[in-house]
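Peer 1: Pasting in a structure now, in C-alpha cells, and then I'll have a few things to ask.
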Amino acid sequence: MNSENPVHYSSSHSIATLTMHNAPVNALSKPVRLGLVEGVSRALADDDVNAIVITSNIGFFSGGADISEFAGGDMDPMLPEVLDVIEQSTKPVVAVLPGPAFGGGLELALACHYRITHVGNKVGLPEVNLGILPGAGGTQRLPRLVPVPQALEMIVSGKPQKAGSLPTVFDVLVDAPEALEAATLKFINELSASKPLPRTCDLSVDTSAFSDDIFEQFAKSIAKPARGFFAPYKCIEAVKASTQLSFSDGLQKEAELFMECMNTPQARAQQHFFFAERAAGRVKDFDKQTPTREIKQVAVIGAGTMGGGIAMNFANAGIPVVMLELKQEALDKGLALIRKNYEQSAKKGKLSADDVETRMALLTGTTSYKDLSSADLVIEAVFEKMEVKQTVFKALDEVCKPGAILATNTSTLDVNEIAQATTRPEDVIGLHFFSPANVMKLLEVVKADKTSPDVIKTCMQMAKTIRKVAVLVGVCFGFVGNRMIEAYGREANRLMLEGAKPEQIDKVIYDFGLPMGPFTMADMAGLDIGYFVRQSRQEHIEHDPSYCVVADKLVEDGRVGLKAGKGIYLYDAGSRTPVPDPDVVALAQQEAERLGIQQRDISDEEIVERCIYPLINEGALILEEGIAAKASDIDVIYVYGYGFPVYRGGPMKYADEIGLDTVLKAMQKYHDTLGDYGKAWFKPAPLLKSLAERGKTFND
Ligand code: NAD
C-alpha cells in the first residue's frame, strides 16, 4: 500500500475495492480524486476483476469537496471528470457507504452504478450553505433517481436525509453498518454479467409527476428562509435544467450556475463563515494536555427568563439541573413556564409527551443553597445588580464543592468583580447566553483575569454538549456582542433625531439582511433594558445630550415596548406587529429642535453606513484590546447571536468585502460633518486605520 495514496486498492474474489482513508471526513482532495481514477483504471485493466467497490474505512464515506482548495488549489482532475470516469466504467462500480456522504461525497455515490448503505445513514447535498450548488452532477443525477420535488427540497434546503427515506437512490439498504460487507458480497455475486450497467446519466427525469409551475412555486415557498440569499435560487435553476436539457447540457448548465455562485461575495462570505465557526473552538488558552472537569450535575440560580432557558439546555442534553430561587413562588412560576415551553414544543410535534416528562424529571427546584453542594457547574442568572451577584457568589463559595465551576450569565457586569466575592476566582467564568437561551445558538464564554485554563476548556466543550457555538471573549462592558450593538443602537436613535423615521431605519436594516431593525428589536427586548443600562453608564454618555433621548423619554412615559403595547411603535392588543406612531416622530422632532439638531432627509445608504460602520469600528477596538482573539470570532458572535446575515459573513467579513478603506473614509466623513456628535462617536479605530492604509483586511 502506498502510504501517500489516500485511496487503498485491494482485490479479492474478483472484486477490486478502493478504500478511501483521508481523515477526518474523506474530503475529496486532489490525491483522493487521483487515487479513485487510478484505482478504477487498474481494476479495468485487471482481467481477474469483475466489479469495483468504492468505500471508506473511516467514519465518513465522504464529507465532500476539500473546501480549502476553493481558494485556488490545483483542481486537476476536477471532480466531475473523475465521476465521469467512474460512471463510464465498463465494470460495475458499487458505492458502499459505511457512514455519511455529503456534497461531493454523495455526488460520487450517485455516479456509481449501484449504491449500498444502512437505513440510518445520513446523506445530503449541503453546498447551498456555502453559497454554491452541487457542482459535480448532483443537480442532474439526483432528479434522475428521486422525484423532482424531493430533489429540489434536498438540494435547496441542504438538509441531510436518512438513507432510508431515499429507497430509489440505494439498491440495498441494510439495517446496520455491520451488515454491509455480507450484503455487498451477496449483491455483487448476484449481479448478472449480461445486464447493462445502470448509469444514472442514462436515466430520464420523470417530468410527469409535478405541475408545470413547480419551480416558481418552490421559489415562492422559500421566500422567507432564503431572503437575501443567491444560491438557493440558482439551485432551483439547476434542477429545472435537469428537466429540460439532456444530461450533458444539464451538466454544462450546472457548471455555469456553479461558477456564477462561486464568484459572488455571498459564496466567499458563507465559506468564510464555515471556517470561522470551526476556528472559534480553537483558542490559545488551553491545549490538548489541559484537563477538563466532569459536568454531571448543574445548578442554575434564578428561574427567570434566562435561568429557565439555560436550565432547559441541560435537561435537553440529559443533565440534571437544580434551580434555586429565594422564594418558592418564583421557583414554581419558573418551573411552570419551562413545562409550558416543553408542552408547546410537544404540541408542534417537536417532542413526545414522554420527552416532556423525562426532561421535567431532570429539573428540580430548591430555595436552599445547601442543595447545591454536589453541583459541578453553577450558572447564576439573577438580577443584573453587582451587589446581588456578589451576594450569590459569596453564598456559592460557602456551599459548592471544591472544583465546582461558578459561572455568571451577566450581560454587562465585570466578571472580575464578581469573582472577587469568592475565595476561588480561578473557578469563576462568564457564560453569556442569549435570549431565548434554549433557542439561541451562541454562547459567549467570558474569561476573567484569574479563570483557569481547565475551566475555560471545560466550558468550551460543555457548549457542544448543549449544542451551542461557544466563542471565547474577554471582560469589558457588554463583552463583544452587546458592546458592539451599543454603537448600532446609538446611531439608530440619533438618526431618528436627525429626521429618519423609525420604520425607514428598520426597513433599511431588514433589507440589509438582519431579521429585524433596531427599533423593532428594542421594543421586543423592552426599552427599559437599554434605559437601565444607560442609567448605570451615565459617565460614559453624559457628554452627549442627544444620546437615546427619545427612547429615554418613552420609557419615562411608561412606553417600554411590546410588553406595554407601546414603545417606539404601537401594538394592537395581542399583536406583535409594529405600527408606526406619529407621536414618536413628533417627539423626535421636538427633541431635535430642543437640541439644535437640524432635521433632514436621510438616505438609505447613510442609514447602513451610520448603523453598521460604527459597529465594525467597535469590533476593531475589541480586536486591538484582545477582547476577541480573531475577527472571525466576532463574525460568529454576530451571525449566531444577532442574526447578522450569514451571506455577508458577519460584520468583520462584510467590512473586508466592501474594503476597509470604504469603512474608514465613511467614518472620517461622519467624524468631520456631524459636529461635536461626529467628533465624539466617529473616531476611527487605530486598527481599522492601519489595516486600511496598508490595504489589508481584518481576516488577513
Ligand atoms: P429575570 O428578572 O427574568 O430573572 C431573574 C430571576 O432571578 C428572577 O426570577 C428572580 O426572582 C431571581 N433572583 C433575583 N435575585 C435572586 C437571588 N438573590 N437568588 C436567587 N434568585 C434570585 O431576569 P433575566 O432576564 O433572566 O436576567 C438574568 C440575568 O441574565 C441578568 O444578569 C441579565 O443581565 C442576564 N441576561 C439577560 C438576557 C435577556 O435578554 N433577558 C440576555 C443575556 C443575559
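Peer 1: Go through the range 328-359 residue by residue and tally those that are of a type in the set (A, V, I, L, M, F, W, C) and closer than 19 Å to Met306 by Cβ. Working first, answer last.
Peer 2: Looking only at the range 328-359, we keep the residues that are of a type in the set (A, V, I, L, M, F, W, C), and these are 330-331, 335-338, 346, 351, 353, 356.
So of that shortlist, the ones also closer than 19 Å to Met306 by Cβ come out as 330-331, 335-338.
Qualifying residue count for the region: 6.
Peer 1: Right, another one. Checking the condition surrounded by 20 or more Cβ atoms within 10 Å (Cβ to Cβ), within 22 Å of Asp601 (Cα to Cα) and not small (Gly, Ala, Ser), which residue from Leu497, Leu514, Leu527 passes?
Peer 2: Leu497
Peer 1: Please specify each residue of the range 293-315 satisfying the condition of being β-branched (Val, Ile, Thr) and within 15 Å of the ligand (Cβ to nearest atom).
Peer 2: Val300, Ile301, Thr305, Ile310
Peer 1: Additional query: Filter the range 371-391 down to residues that are over 20 Å from Arg537 (Cβ atoms) and more than 8 Å from the ligand (Cβ to nearest atom), then give me how many there are.
Peer 2: 9
Peer 1: When you scan the range 180-233, how many residues do you find that are surrounded by 12 or more Cβ atoms within 10 Å (Cβ to Cβ), assigned to a loop (DSSP other than H, G, I, E, B) and of a type in the set (A, V, I, L, M)?
Peer 2: Matching residues across the range 180-233 total 6.
Peer 1: I'm trying to understand the selection: among the residues of the range 393-448, which are more than 33 Å from the chain's Cα centre (by Cα), more than 13 Å from the ligand (Cβ to nearest atom) and among the basic types (Lys, Arg)?
Peer 2: Lys401, Arg424
Peer 1: Can you name the condition, by its number, that Ala111 falls short on among (1) within 22 Å of Ser165 (Cβ to Cβ); (2) surrounded by fewer than 23 Cβ atoms within 10 Å (Cβ to Cβ); (3) touching an Asp or Glu at 6+ places or on another chain (Cβ under 8 Å)?
Peer 2: (2)
Peer 1: Still on this structure, please answer the following. Exactly one condition in (1) of a type outside the set (A, V, I, L, M, F, W, C); (2) out of contact with any His (no Cβ under 7 Å at 6 or more places or on another chain); (3) on the phi < 0 side of the Ramachandran plot is not met by Gly678; state its number.
Peer 2: (2)
Peer 1: Select the helices (runs of 4 or more DSSP H) contained entirely in the range 586-700, then report the ones holding at least 3 residues which are within 21 Å of Leu495 (Cβ to Cβ) and modelled with pLDDT under 95.
Peer 2: Details: elements: 604-624, 631-642, 651-658, 660-673, 675-681, 686-693.
Per the criteria, no element qualifies.
Peer 1: Is it true that Leu36 is assigned to a strand (DSSP E or B) and either within 41 Å of the chain's Cα centre (by Cα) or not assigned by TED's automatic domain parsing to the domain that holds Glu107 (or both)?
Peer 2: No; evaluated as a whole, the condition is false for this residue.
Peer 1: Can you spot a residue in the range 282-297 that is under 25 Å from the mean Cα position of the chain (by Cα), under 24 Å from Asp414 (Cα atoms) and surrounded by 22 or more Cβ atoms within 10 Å (Cβ to Cβ)?
Peer 2: No: the range 282-297 contains no residue that is under 25 Å from the mean Cα position of the chain (by Cα), under 24 Å from Asp414 (Cα atoms) and surrounded by 22 or more Cβ atoms within 10 Å (Cβ to Cβ).
Peer 1: Still on this structure: Can you spot a residue in the range 554-577 that is among the small types (Gly, Ala, Ser), touching a helix residue (DSSP H, G or I) at 6+ places or on another chain (Cβ under 7 Å) and without any contact (Cβ under 8 Å) to a residue 24 or more places away in the chain? Steps first, please.
Peer 2: Keep residues of the range 554-577 that are among the small types (Gly, Ala, Ser), which gives 558, 561, 564-565, 567, 573-575.
Subset that is touching a helix residue (DSSP H, G or I) at 6+ places or on another chain (Cβ under 7 Å): 558, 561, 567.
From what is left, the residues that are without any contact (Cβ under 8 Å) to a residue 24 or more places away in the chain are 558.
Taking every residue of the range 554-577 in turn, at least one turns out to be among the small types (Gly, Ala, Ser), touching a helix residue (DSSP H, G or I) at 6+ places or on another chain (Cβ under 7 Å) and without any contact (Cβ under 8 Å) to a residue 24 or more places away in the chain.
Peer 1: Looking at Glu81 and the list (1) in a helix (DSSP H, G or I); (2) crowded, with 19+ Cβ neighbours inside 10 Å, which single condition is not satisfied?
Peer 2: So Glu81 meets the others, but not (2).
Peer 1: Ok, one more. Pairs under 6 Å by beta carbon, first residue of a type in the set (A, V, I, L, M) in the range 500-522, partner not in a helix (DSSP H, G or I), six or more apart or different chains?
Peer 2: Ala500/Ile602; Ile505/Gly517; Ile509/Gly517; Leu514/Gly643
Peer 1: Pull up the range 360-379, narrow it to residues that are of a type in the set (D, E, K, R) and assigned to a helix (DSSP H, G or I), then point me to the one that is nearest to Gly309 (Cα to Cα).
Peer 2: The selected residue is Asp371.
Peer 1: Sticking with this structure for a sec: Being away from the ligand (no atom under 16 Å from the Cβ) and among the hydrophobic types (A, V, I, L, M, F, W, C) is the requirement here; does Ile541 meet it?
Peer 2: So Ile541 fits the description; yes.
Peer 1: Quick check: anything in the range 296-315 in a loop (DSSP other than H, G, I, E, B), at pLDDT 95 or above and in contact with a Lys or Arg (Cβ under 8 Å, 6 or more places away or on another chain)?
Peer 2: Checked against the condition, which is being in a loop (DSSP other than H, G, I, E, B), at pLDDT 95 or above and in contact with a Lys or Arg (Cβ under 8 Å, 6 or more places away or on another chain), the range 296-315 yields at least one hit.
Conditions (1) crowded, with 16+ Cβ neighbours inside 10 Å; (2) in contact (Cβ under 8 Å) with a residue 24 or more places away in the chain; (3) over 23 Å from Lys333 (Cα atoms), marked per residue:
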position: Ser374; (1), (2), (3): no, yes, yes
position: Glu384; (1), (2), (3): yes, yes, no
position: Glu398; (1), (2), (3): no, yes, yes
position: Val428; (1), (2), (3): yes, yes, yes
position: Leu443; (1), (2), (3): yes, yes, yes
position: Val469; (1), (2), (3): yes, yes, yes
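The values are calculated or read from the model by the stated rules, or taken from the named source; none is laboratory data. Because the structure is a prediction, the values reported are computed rather than measured. Glycine gets a Cβ as well: all are built from the backbone with ideal geometry, and neighbour counts include every protein chain shown.
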